[in-house]
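Participant: Let me begin by handing over the structure; questions about it come next.
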Amino acid sequence: MVFSIWRMVIKKHNKMNSMKILILLISTVMLLTKCAIYDDKLSLPLMPYTGEQLRTDGYYYQIWYDGKEFFGSYFLYKNGILIAGEGVSSSLEEKDESVKRRFIDKQSYQTDKLHWGVFLIDDNMIKFERWHPGPPSEAYVWEGVILNDTTFHITKSYRGRKSWKENEIYHFRQFSPKPDSTNVFIK
């Protein structure tokens, strides 16, 4: 049906306009196909975390620049949900305030798909998956090793067949109250 309409439009215009219309049609189909393929669903299953390998009564952060800056925040929940936040702070106290503003006071994270993900722990291995900006939103998986109940080391990330070496060490910071893990993105 769509192609017969496009044929009628092309017949009514000269060859130069026909080529422009054909290119527009092909581009539209490719864009729609790409959006359908890459607006990812998470591939890791949502599973409750019943272990004790990592603490869940706070968040995990990464130290940058010789201990002078603190980046990111990952909250892990017993229901298998992960909440992620980005941002650099110059002290752990500033990091706590940033987390409080972003996740407790505003609660705008609940309507943003990019903050959500799931995690799995098997023995001393951690794996988590979350969305990253698009459009469309793409899901990436990170894998690493648990060093102790307050530290894990991410060594690899991947999406489909593409993979990257990572060297990210995350440390635990006790924090209360934690943001609510209820969301509409992960069921």
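Participant: Could you say which residue among GLU129, GLU86 is under 15 Å from the mean Cα position of the chain (by Cα), loosely packed, with under 14 Cβ neighbours inside 10 Å and not in a loop (DSSP other than H, G, I, E, B)?
Facilitator: Selected residue: GLU86, the only one of GLU129, GLU86 that is under 15 Å from the mean Cα position of the chain (by Cα), loosely packed, with under 14 Cβ neighbours inside 10 Å and not in a loop (DSSP other than H, G, I, E, B).
Participant: Answer with yes or no whether VAL145 is of a type in the set (A, V, I, L, M) and in a loop (DSSP other than H, G, I, E, B).
Facilitator: No, not satisfied.
Participant: Additional query: Do you know which residues across region 133-160 are surrounded by fewer than 13 Cβ atoms within 10 Å (Cβ to Cβ) and modelled with pLDDT under 95?
Facilitator: Listed by number, the residues that qualify are PRO133, PRO135, GLY160.
Participant: Only one of these is surrounded by fewer than 17 Cβ atoms within 10 Å (Cβ to Cβ) and under 29 Å from GLU94 (Cβ atoms): SER163, SER181, SER176. Name it.
Facilitator: SER176
Participant: Would you check if SER73 is at pLDDT below 95, out of contact with any Phe, Trp or Tyr (no Cβ under 8 Å at 6 or more places or on another chain) and of a type in the set (Gly, Ala, Ser)?
Facilitator: When the stated conditions are applied, SER73 does not pass them.
Participant: Sort through LYS68, LYS95 and tell me the only one that's in contact (Cβ under 8 Å) with a residue 60 or more places away in the chain and either of a type in the set (A, V, I, L, M) or out of contact with any helix residue (DSSP H, G or I) (no Cβ under 9 Å at 6 or more places or on another chain) (or both).
Facilitator: The match here is LYS95.
The values are calculated or read from the model by the stated rules, or taken from the named source; none is laboratory data. Remember, it's a predicted structure, so these values are computed and weren't measured experimentally. Positions of Cβ are generated from backbone atoms using ideal geometry, with glycine treated the same way; all protein chains shown enter the neighbour counts.
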